[in-house]
Amino acid sequence: MSRQLNMDTLRQNFWKEEYLREKMFRCEWHRKYGSTVKAKQKAKAAARLPLALPTLHPKAPPSPPPAPKAVPSTTPGPPLETPIQSEMYPVLPATRALLYEGISHDFQGRYRYLNTRKLDVPEMRYLFPITTNFIYGWQLGPPVKQELVSCKMCRIESFFRKNGAFALLDPRDLAL
């Protein structure tokens, strides 16, 4: 079925005029308000950039007072260690060795390393709480697994309301 085209020269000129008029309005609007819109877009983009926070370095423990020298030795001692620049404690060699045994697809390698590392409490992994969310889990102790004592039907009956969703609340359904 073909569409009927009711277009004569008069209608074509009308639509051409409308198109050009709309194009002129758009150009005029862009000339007037384009710079302010661009400034607002740049301000929004700058607000969306991530905030760069400074890194916190752990405080070095106070050095012990220097011991009096009795006799100068001729053999040089071991080089002094530089302060730790990481916020985490070093990984035990046995745990690090898990990285190189097998592949993650077989639940070995990185998969086993991360699961083993995850079992340590945060105090054993980090020198200090890095974020404020760390404070909530800091020094909680070992996790305690709670067993559900009740049966499934007891949980269902205590969870759902007995008298419907929109009915007036029964005093027995309210937790005091």
- For Y126, list long-range residues whose amide hydrogen, built 1.01 Å from N in the peptide plane, is under 5 Å from its own amide hydrogen. Y89
- Mind listing the phi-derived Karplus ³J(HN,Hα) values for the stretch 49-55, rounded to whole Hz, using 6.51, -1.76 and 1.60 with θ = phi - 60°, and x for any glycine or proline? 5, x, 7, 8, 9, x, 7
- Item | 30 Å Cα cut-off, lysine pairs counted over the stretch 7-57 (separation 8 or more, or different chains) | 9
- Task: Could you go through the stretch 10-18 in sequence order and give the Karplus-derived ³J(HN,Hα) for each residue, using 6.51 cos²θ - 1.76 cosθ + 1.60 with θ = phi - 60°, rounded to whole Hz, and x for Gly and Pro?
- Result: 5, 5, 4, 5, 4, 5, 5, 4, 4
- Note on the structure: Filtering chymotrypsin sites (Phe, Trp or Tyr not before Pro) in the stretch 90-148 by DSSP loop and by at most 16 other Cβ atoms within 10 Å leaves F107, W138
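Values quoted throughout were computed directly from the atomic coordinates according to the rules given, and no laboratory measurement underlies them. Predicted, not measured: the structure shown is a model, and the values here were computed from it. All Cβ positions, glycine included, derive from the backbone under ideal geometry; neighbour counts span all protein chains shown.
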